[in-house]
1. Could you check what % of the DSSP bridge pairs in segment B:108-224 are antiparallel, to the nearest 5?
2. Suppose every K and R has +1 on its Cβ and every D and E has -1 on its Cβ; what is the size of the dipole of chain C about the Cα centre, in Debye to the nearest 20?
3. Cut-off 19 Å, label point 7 angstrom out along Cα-to-Cβ of residue D:69: give me the residues of segment D:272-301 whose amide nitrogen falls inside.
4. Calculate the dipole size of the protein assembly as shown relative to its Cα centre from +1 charges on Lys and Arg beta carbons and -1 charges on Asp and Glu beta carbons; express the result in debye to the nearest 20.
5. Taking H as built 1.01 Å from N, whose amide H comes closer than 5 Å to the amide H of residue C:165, not counting residues under 5 places away?
6. Taking K and R as +1 and D and E as -1, what net charge do the other residues with C-beta under 10 Å from the C-beta of residue B:250 add up to?
7. Size of the dipole of chain B about the Cα centre, Lys and Arg at +1 and Asp and Glu at -1 on the beta carbon, nothing else charged, in debye to 20?
8. By how many nm would the segment from residue D:84 to residue D:171 grow when fully extended, if each residue of separation counts as 0.36 nm and the alpha-carbon distance is taken off?
Amino acid sequence: MKYELWKTGSSVLATFGLYSVLYRENKFYRFFEHIFLGLAAGWTLVVIWVEIEKDQWWGKMLGANNDAGTSMVQSGYWLYAFLVPIGVMGYFVFSKKHNWISKIPIGIVLGLYAGQQFQAWLQRYGPQISTSLKPILPTTFTSITVPDNPVPGEVYFTQALTNAISLFTLLSVVAYFLFSFNENNKLLNRLSTSGRWLLMIGFGAIFGTTVTMRFTLLIDRMHFVWIDFVRDMLLRR
Amino acid sequence: MSIGEKLQSLPKWILFLCLIVTASVLQFFNIPLPNKPQDPAIDYYAFAMSIPPGSTVLVSSDWTNSTHGESGPQFDALMRILMRRNIKFAVYTTADGQAPQVAKDEIRRLNEQRVKDGERPYRPFEDYVMVGYFPSAEGENLAMSINLRSAFAGKKDFPEGAKEPVDIWQSPVLKDIKDISDVKALFLISASNTDQIIIERLAAKVPLVYAVTGISAPQNFNYYSSGQLKGLVGGLKGIYDLEYLMTSGVNHPGADGKIAVASTRVPGDVPPLPGRNQGLGTAYFPTLHAALALMILAIIIGNVGMFMARKAQGASK
Amino acid sequence: MQYLDTGWFGMLLTLIMVSFIFTNIMRAHSSHRKGSSLFIRRIAGLNAIDEAVGRATEMGRPVLMVPGLSDTTINAKSLQALNIFSYVARTAAKFSNPILVCCYNASVYTVAQEMIREVYQQEGLGDRFDPDSIQYVSDRQFAFAAGVSGMILRERAAATFFMGEFYAESLIFAETANSVGAIQVASSTEFNQTPFFIAACDYVLIGDEFYAASAYLTRAPVLVGSLVGQDWCKVALMLLVLFGALDVTAEVQLQTTRGRKDGKEVDVPIHRKRPADSISMRMLNPDPDTEVVKAVKREKLPPDQISIPSPGGGGN
Amino acid sequence: MLNLFLDIDPPTIFNAHNNFQTLTTYIIGALLAGFGILFALLKAPPQTRRGIVFFVTFISGFFYVLLFIWPSPINRSKGDAPINGFDNVGFWLADAQPVVSTMTQIIGGFLIGLGIFSLMRIHLKRIVKGGGDAPFSFTLVLSMILMIIFGFWDFHQRQQPGAGPLLDNQANWGFVNYAKDYLFDGMLQEMEAAMFSIIAFYILSAAYRAFRVRSIEATILLTTALIVILSLMSVVEYQWGEMVNSVAGGNKNSFVQNFTLTNVAGWIRASVQQPSIRGIDFGVGIGLLAMSLRIWLSLERAGE
């Protein structure tokens, strides 16, 4: 219990230490900021070894990647050893004469990233194009709005209208992002102006949604400080 | 400085002080609010209540302490429903290495509360298993859709009091599960992008029920309305709805004979859950209202100030 | 597998996009040789860059740049941010104004070191370059946020540039910079954060204005050509969506007795055509015939050559 | 054929059982060869440098391009043999993909030393110089060292057979586990949560400052944000809903019923927010595609 009190107490103190920056930058904040950065740097090293290098490199190179308890023998792959010199090349960045060598590991990383993007583009945008294709004219006028028991497959007027607005929004927003067309093109100008306005509606909606989440996090933090710590730990001790 | 200009440029610390006070003080009070639960939450509750006791579900717990404000109460509510209804569950995560520990701590806390309230504690390995963390969300969820047994192969968990871990497939939770289709549902509590990944890979294989943060709620609402999700709880409003439904039921006459929540989406009477149902969602929601009201007030003050200053300027010209 | 049914269409679409970009790069090259250049319009936020650096020089306070968060290593987004920053650094170097670059991970740090040093050397100011002006801060999101905020406040940055991938921390940076009166130019590839930058920053590049920026600033033919190519792609996508939607609209008016099951056409009771059965939707959603797929028979390898399943799936 | 990284038993030329002397020899050989190449690169004449970087980048990207365009094997299950040489390449690409996808992380991980080096250079300099900031720099270095020591130590303890789940129970903890728990759970994670929640304050001040009815755009932004926020406040939503209901005369099927805040906000999201985001996303996606093409073909830096 004593440990819990200590631990939670420090967390509360750290929370207020970081909050103090809201008033202005001060030594209290600076102290916790430096602790924060130090801990984060240390933890990064631990995580990189534990989650990346040990599992995906060291273990595979030596074949020791099996869980304790399984008797499966796994072979080691010596080709993984080649990655060490490649990593070392990055450290040449500070050399005045040979700093170009650091471009090699970066080139590999960026090359792998760039190569993936072609497939990723199709995988990401194919479905998005497909969901944008919706009927923009109604198939029936039996009811303007969608009735309680809609006939499957029918498109009602309000649905079609909504779809048409969606389509217009999409096209005008894309038009806003055309850079190489002459600014004197009237049609395009109108389209891109309305695109900008529709974008603002979208941004407003995002803002509204996000606000509640951020406030919830603050409320949760205050709950932690006042209820979990002050009321349940300090006062009920 | 005129009043208009003053209203336009309130020092920041005053705003911040107001917010911190608002966010703190109201937490000590229990304020009931009028509420009309939304359809996705009603479906969530009705679906969870329709799962037969004794069957097994999967829980993908993809959140950590940084989004505790929303995901925490969502997880609690789900656990309360599953535990009270004696539904067995297996918890896995593909989002964060910390997530299993967070889930374990939360389950332990809920168990302590259950004991206090005179309910039976939910036993590890017998009633639920912790499958653990898988680093590749895409790969793992795909593997699960193909072959659940091999996707979870080699994972172990501790039965109560045991010194040595036992293979999870020997647990009563998973013993009779051959394939993902034997699982009654997959409940996701996510503060990460796993909502997308799971829907792409598992939607056709198992009924999906989501609880997500307020930010990802809108995009998941599309999946809900197209029928890919059986239920959806988004953000704090969603969790408030869920906790509300757990106390009132759906189409269920209360003690005074009145139906608190009526819905045509759900056939028949879905009873409330006996016991303690109100959690952090109910505790936080009034405070959230006050904080949002404070923000709206600040915006109004700023605008009023601007108009007053403009008017004064116009008059002086 | 990916070519079965209408899978070829996606491939073709990607190929067309790539060829549009490539063709225009070539076009820009050839017109550059002839001394002319392709047209690109003005982008408001970008004119602010020189203004911001100029003001920092007047005030004698540093220019602070953050190339965004980028997974565990560098990616194209942070590289693009650094491309823009090398332009900013060049302007700052000319005015001998101090700069600060805050990096999220070691790979970005490595590239930033290299690029910014090169800028100083090209300007003949190699001796003025301070390697410590480029700092690795942290690769934990909120530790990074705390560190950068502290730096903005302590160094009293006069101009700040936030470009690349930003998430929740975007507003922490923007409001902190605002509190020291810095002029801010910002851009996030994550559109969920763009509204916060719009609310808090002086100039915001929205969406792919971020990718257009380097073309606009350097006027390098490769970049300008690529930008024009991107426009072609966007127009193509607009047309695809427009005609696709019209096609769906027309086709759902029809009745049909054919439907699809497991990638094969089968007879079904007469019904209104579903959007999913329209030509354009079929193009975008390949549905391979399951019998054709199952018909591919494979021999088994001898058991000693079968790969051992690695724990944790990892299928492909 | 090309089973470089395939998990195959028994060993091929590319692998060897753990604890085999051959494996150690191979690894040392590979290291020597790798560093040999590195030294050769040091001597590379300046005019070849650009070509070398181009080649490396191109080959790395080419793997994924090939994976994309090469027809992937149909109906493949575990233990299948490829039908022909064409299929064989497809098999190899599919098998190599999980291995290649880890390369980025592994190489990126190796570079972390540079980041730590940057931190240490700045803060050790400050400590040596003394002055007002020295104690803070000292705190940073100290907390980093403590985290490294206890982080690794705790991890090491958990790696011992059967120890992991045992140490999940606090009753079995020793000093090391407490120290790690304090530093990680008590400090690092809590500070992250604190920093995350600090955004609420900044949202308030940004909204107060920027949300003014100044221009059409600002007004649109403000109005939409307000509608969405109000729709999430159930008190307002409830009252508004009652009002709408009374306007509709209690008729559940009335068109007026669409104007509850939830429905309006939902409609805005579905028919304006989603497509407008998709519109930006199309542009961003094409931008990223073009950037990737330029990186892959090393056209990016040539432009300067």
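Readers should treat all values here as calculations from the given coordinates under stated rules, not as data from a laboratory. Please read all numbers here as calculations on a predicted model, not as lab measurements. Because the Cβ atoms are built from the backbone with ideal geometry, glycine has one as well, and the counts that use them run over all protein chains shown.
1. Numbers: 2 of 8 bridges.
Antiparallel bridges make up about 25 percent of those DSSP assigns within segment B:108-224.
2. Details: 29 positive and 32 negative charges, 143 e Å.
The dipole magnitude comes to about 680 debye.
3. Residues D:289-299 fall inside that zone.
4. On the way: 99 positive and 92 negative charges, 462 e Å.
Once rounded to the nearest 20, the dipole reads 2220 debye.
5. For residue C:165, whose amide H was placed from the backbone, the distant partners under 5 Å are C:69, C:189.
6. Numbers: positive: B:265; negative: B:43, B:269.
Taking every Cβ under 10 Å from that of residue B:250, the sum is -1.
7. On the way: 31 positive and 29 negative charges, 150 e Å.
That gives chain B a dipole magnitude of about 720 debye.
8. Numbers: separation 87, 0.36 × 87 = 31.32 nm, distance 5.98 nm.
Result for the pair: 25.3 nm of gain on full extension.
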